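Report on one structure; see the data block that follows.
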Ligand code: AMP
Ligand code: ZN
């Protein structure tokens, strides 16, 4: 994808604050961090989202997320860790090259990753279970 900014960052055409790199991935600091140390895992091969992501890359990305969470928690002395990933505009995706957010959390940091819990009604439960 010649016009994809994350392809260019992942492949080193655009410089970034890189925490980790191997043949298939780059992990870099997010330019608009939610918290101190917020980083992104980018595969070097373009996939717009999780639907396009090859299974093998998905598996490796999760293993890398696990390793980065341990290393970053140790280095940054954070108190918790969010790993999240958006697919589609409706879900908050703004850059359409698959990426995973690594968000170190600190006690009372005020980072707003939350929602108002609704209620699972019998009707909706039945509908979903039938569809799936
Ligand atoms: P999402 O909303 O899940 O698509 O996340 C996109 C993320 O990419 C946001 O957290 C942005 O702050 C971050 N971002 C956008 N452009 C850059 C860039 N050039 N370098 C680093 N992070 C970026
Ligand atoms: Zn791309």
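The numbers here are math on the coordinates, done by the rules we state, and not lab data. Here the structure is a predicted model, which means the values were calculated and not measured. Because the Cβ atoms are built from the backbone with ideal geometry, glycine has one as well, and the counts that use them run over all protein chains shown.
See the values below:
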{"quantity": "Pair-distance profile P(r), taking every C-alpha pair of the range 1-76, with 5 angstrom steps and integer %", "calculated": "3, 15, 26, 25, 20, 8, 2, 0"}
{"quantity": "Cα long-axis angle, helix 122-131 against the chain (0 to 90 degrees, to the nearest 10)", "calculated": "60 degrees"}
{"quantity": "Added length on full extension, which subtracts the Cα-Cα distance from 0.36 nm per residue, residue 131 to residue 73", "calculated": "16.9 nm"}
{"quantity": "Descending principal axes extents, the chain, alpha-carbon based, whole Å", "calculated": "51, 38, 24"}
{"quantity": "Exposure proxy ranking, count of Cβ atoms within 10 Å, fewest first, for 122, 52", "calculated": "122, 52"}
{"quantity": "Angle in degrees between helix 55-76 and the longest Cα principal axis of the chain, rounded to the nearest 10", "calculated": "70 degrees"}
{"quantity": "Choice from 54, 43, 117 with maximal GNM fluctuation in the chain (Cα, 10 Å cutoff)", "calculated": "117"}
{"quantity": "Potential extension, residue 94-residue 51 segment - 0.36 nm per residue separation minus Cα distance", "calculated": "13.9 nm"}
{"quantity": "Two-site FRET efficiency, residue 116 against residue 31, from Cβ-Cβ distance with R₀ of 25 Å, rounded to 0.05", "calculated": "0.25"}
{"quantity": "Footprinting exposure proxy for 16, 2 (fewest neighbouring C-beta atoms within 10 Å first)", "calculated": "2, 16"}
{"quantity": "Taking the chain and dividing mean pair separation by its residue count, relative contact order in percent (alpha carbons under 8 Å, at least six apart)", "calculated": "23 percent"}
{"quantity": "Highest-MSF residue in the chain out of 18, 121, 57 [GNM, Cα springs under 10 Å]", "calculated": "121"}
{"quantity": "Residue-averaged 222 nm ellipticity for the chain, from DSSP H runs of 4+ at -39500 (n - 2.57), nearest 500", "calculated": "-9000 deg cm²/dmol"}
